[in-house]
Amino acid sequence: MTDRALFDVDSDPRWLIEIDGWHPDKEAGVEAVCALVNGYCGVRAAVEEGSAASNPATFLNGVFDAVHELVAQSAATPEHQVIAAPTPELVKAPEWSQLRLRVDGTTLDLDHCELLEQRRTLDMHRGVLVREWRLRSAGRTTRLRSLRFVSLDDRHVLAHVVEIVPEDWRGDLTIETRVDGDVTNEGGVRHLVDTAARQESGRLLLSARTTEGKVSLAIASAAELINSDGREVTGLAEADGPTLRHAWTVRVEPGRSHTLRKLCVTYTSRDDSQPAARALAGLDAAVAAGIATLHAAHADAWAARWQAADIEIADDDEMQRQTRFALYHLIGCANPDDEHASPGARSLTGERYKGHVFWDTEIFVFPFFVYSHPPTARALLMYRYHTLPAARAKAREQGYRGALYAWESTDSGVDVTPSFVINAAEERIEILTGVQEHHISADIAYAISQYWTATHDHDFIKAAGAEMLFEIARFWASRSERDADGRYHIRTVIGPDEYHEAVDDNAYTNAMARFALQRATETATWLQAQDESRWQSLSAALDLSVDEPAAWVEVAAALVDNLDHDTGVIEQHHGYFDLRPADLDSYEPRTQTMDVVLGWRPLTETQILKQADVVMMLALLPGTHPRNVHEANYHCYEPRTSHDSSLSASIHALMAARLGDLEDAQRYFAKAARIDLDFTRGVTAAGGVHIAALGGMWQALVFGFGGATASADRLTFEPHLPEAWGRVSIPLLWRGETMRSGAVNVRPG
Ligand code: BGC
């Protein structure tokens with residue numbers, strides 16, 4: 001493949017995110033939106049030579065570290081307090097694609113030169129980032145372009161190509177590419193220590209470990225510079241402190257190119273006990289293959305994933321592009337080969353939420369994998385299986401049985417929810433989600449059930465799923481209290497609507513707990529019938545008597561549901577309708593969240609919701625209530641919902657579409673798409689893309705507009721598609737087959 005072809009992007013703009021020019025105030029959002037992701041690593045799309053507006057970062061999935069509080073505080077300044085330490089966070093890995101260009105003492109970069117033009121293109125089809133730009137400085141005009149990708153074929157391989165062409169000058173140009181281990185997380189927190197760079201048989205190698213010593217990582221690097229005659233130019237390779245440097249000084253001529261080709265391979269002790277040796281061996285193999293071959297294999301890997309995932313919308317180009325944006329980041333957020341990592345709330349694209357794993361994974365992101373790439377769905381469930389010991393410990397600590405999963409989780413599954421935060425109004429808000437937002441345990445049971453129904457992966461249920469379901473059911477049985485009225489109640493919780501804390505009988509929590517209890521009971525019966533010996537061994541290991549599951553259904557049947565049979569309205573929690581009504585429209589146009597507008601305490605005394613709650617429950621459990629209940633609750637809660645969480649809009653799109661209200665559905669879908677793609681207002685992707693909102697977009701399309709519903713024996717469709725979209729084609733995997741439906745024109749597999 002020629003270099004020209006390497007820089008090619010898809011000719012169909014519906015596969016592209018194009019960012020023209022340079023807008024420092026939007027740069028943080030752009031870097032996340034255009035990030036390269038392959039489930040193993042995520043690379044923000046920062047310009048390679050850096051700038052005052054740049055926030056470059058490379059994250060490796062599952063690499064977490066918490067520095068000692070003193071270390072963290074030493075980085076604090078009066079302007080920037082470090083309050084989160086020692087909360088574990090996703091570690092910034094060495095910057096592997098740094099570029100320095102110098103001519104006559106001038107640095108060729110955005111901060112020192114005039115930028116004549118620039119376009120960054122994320123080609124979502126091939127998973128590559130191409131940048132083209134022209135700089136002028138001291139009468140010299142230079143044309144540059146670069147290509148970066150993180151391979152989906154071999155997730156450890158990172159590639160960078162830069163072409164430099166002086167348009168109207170000649171002279172001596174120094175080109176330097178670096179791997180920089182001197183990186184810190186937000187607030188200057190340094191997680192990588194013992195950084196050592198060395199040369200090893202012509203290759204450069206950087207190794208480091210995290211401060212807690214849990215992870216060692218290694219990155220090996222090779223680079224070459226090719227002139228316009230196709231000849232390699234001799235340069236310098238240096239291991240220098242925490243930095244790997246490849247540098248060349250060349251005589252350049254107008255119109256004559258120099259092309260830098262760089263390959264890095266990275267491994268950590270999470271992947272291999274000898275990460276340095278693996279990185280070096282991997283680099284040798286990558287160099288032998290060459291960038292063109294690696295690029296082709298990478299593009300093929302993306303093509304295969306798109307084949308199973310692409311939703312085609314024939315007549316609405318913008319919808320098509322937004323949809324592919326969601327799919328691109330979903331494909332790239334998780335690694336099917338890693339059972340010990342799960343996507344954080346901002347995927348691998350930013351530091352917000354510190355890489356922590358929330359219910360966002362199981363309830364928002366996970367369904368996409370169930371129906372397009374079951375091995376990834378399985379790996380995500382295995383992550384919860386491996387963290388079951390921590391969930392058991394959390395249940396015990398809070399005085400319950402079974403498994404209570406962490407509200408915020410990292411590598412160990414221990415709850416790492418911070419205890420307080422300073423909000424935008426500079427109020428100190430105690431965070432109670434870690435101790436009260438328990439629905440996560442039911443959400444995981446829901447995900448297990450969804451996976452099982454769609455894949456019929458009985459082996460997974462026998463090996464891991466049943467154990468999780470039983471422990472989760474145990475938790476809910478012990479968490480529910482029986483009153484004199486004979487009904488069961490779940491008290492002092494936070495539901496999805498986090499604007500109301502310590503509430504009793506949150507309808508979402510109760511309904512999801514009921515679902516978990518029922519499903520666990522059915523699973524016990526199934527296991528007894530299907531695999532008596534596994535039932536024996538598992539029940540013995542868990543000390544589970546045959547009668548215990550019978551008690552679970554009893555609790556499930558008697559849990560209160562808050563349904564008013566006359567109106568069909570489900571009260572969000574006990575006493576919700578006694579709270580002060582509020583007219584959200586009267587605060588429009590609004591740019592801040594309602595906790596900032598009203599203050600935290602006054603807000604909690606109103607009926608204003610942060611995000612879908614009862615609506616969320618109905619979206620997940622469509623079969624539990626008739627249509628009139630769905631309608632009544634959508635109309636009751638929609639006007640009360642502030643959508644201050646990015647998780648809300650897509651679920652409203654789903655519900656509105658299901659109800660056939662296409663106007664609302666499209667409005668909410670557009671709102672969900674704007675969260676990351678609109679850099680000019682509202683929430684932006686600065687701290688990383690909102691992966692739950694993107695998963696919610698997929699669900700709005702499939703379960704809302706597409707009207708897909710899974711039942712025990714089949715997948716049915718009742719589409720509600722806007723006419724303007726034209727033909728819509730949705731591929732869905734169902735028990736190993738790609739489903740087709742005439743109604744939604746599901747594409748042949
Ligand atoms: C939302 C949660 C969500 C978390 C991470 C919060 O603002 O209320 O539902 O899990 O963000 O995305």
message: Report the Rg/Rh value for segment 543-648, based on alpha-carbon coordinates and the Kirkwood definition of Rh.
response: 1.09
- line: One would report the antiparallel percent of DSSP beta bridges in the chain, rounded to the nearest 5, as 95 percent
statement: CD proxy, 222 nm, the chain: helix-only mean residue ellipticity via -39,500 (n - 2.57) per DSSP H run with n ≥ 4, per residue, nearest 500, stands at -10000 deg cm²/dmol
statement: Here the FRET efficiency for R667 versus E737, based on Cβ atoms and R0 = 35 Å and rounded to 0.05, is 0.50
task: Output ³J(HN,Hα) for segment 197-209: one whole-Hz value per residue in order, computed from phi by the Karplus curve 6.51 cos²θ - 1.76 cosθ + 1.60 with θ = phi - 60°, and x for Gly and Pro.
output: 10, 8, 9, 9, 5, x, 9, 9, 9, 10, 10, 7, 9
field: Surface per residue (accessible, 1.4 Å probe) for segment 563-652, Å²
entry: 43 Å²
statement: Packing-ranked peptide list from 383-390, 496-503, 350-357, highest mean Cβ count within 10 angstrom first, is 350-357, 496-503, 383-390
query: By average Cβ neighbour count within 10 Å, what is the ranking of 258-270, 110-122, 205-217, 578-590 from highest down?
result: 258-270, 205-217, 110-122, 578-590
Dipole magnitude of segment 318-420 about its Cα centre (Cβ charges: Lys, Arg +1; Asp, Glu -1), debye to nearest 20: 180 debye
C-alpha center-to-center spacing [segment 524-539, segment 402-472] in angstrom: 25 Å
query: Which cross-chain or sequence-distant (5 or more) residues have an amide H under 5 Å from the amide H of A425, H modelled 1.01 Å from N in plane?
result: none
statement: Stretched fully, the stretch from T716 through V546 gains (0.36 nm per residue minus C-alpha distance, one decimal, in nm) 57.7 nm
field: Relative packing of 29-38, 477-486, which averages over residues the other C-beta atoms within 10 Å, highest first
entry: 29-38, 477-486
message: Whole-Hz ³J(HN,Hα) for each residue in segment 638-646, computed from phi via Karplus 6.51 cos²θ - 1.76 cosθ + 1.60 with θ = phi - 60°, x for glycine and proline: what do you get?
response: 4, x, 8, 9, 7, 6, 6, 9, 5
task: Please calculate how many Å² of accessible area segment 129-180 carries per residue, with a 1.4 Å probe and no DNA, RNA or ligand atoms counted.
output: 28 Å²
query: Hey, what angle do you get for helix 466-479 against the long axis of the chain, alpha-carbon based, 0 to 90 degrees rounded to 10?
result: 60 degrees
task: Pop a pseudo-label 7 angstrom from the Cα along the beta-carbon direction at both D10 and A463 and give the gap in nm to one decimal.
output: 3.3 nm
field: Cβ-placed point charges (K, R +1; D, E -1), dipole of segment 541-679 about Cα centre in debye, nearest 20
entry: 520 debye
Sequence of S533, S347 from largest to smallest accessible area, 1.4 Å probe: S533, S347
field: Sulfur and carbon atoms: percent of accessible area, the chain [1.4 Å]
entry: 47 percent
field: Per-residue ³J(HN,Hα) for segment 620-626, Karplus 6.51 cos²θ - 1.76 cosθ + 1.60, θ = phi - 60°, Hz, x for Gly and Pro
entry: 7, 10, x, x, 7, 9, x
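The values are calculated or read from the model by the stated rules, or taken from the named source; none is laboratory data. Because the structure is predicted, anything quoted here is derived from the model rather than measured. No Cβ is skipped: glycine too gets one built from the backbone with ideal geometry, and neighbour counts run over all protein chains shown. Just the protein is used for accessible areas: all its heavy atoms, side chains included, with ligands, DNA and RNA removed. Shrake-Rupley method; radii C 1.70, N 1.55, O 1.52, S 1.80 Å.
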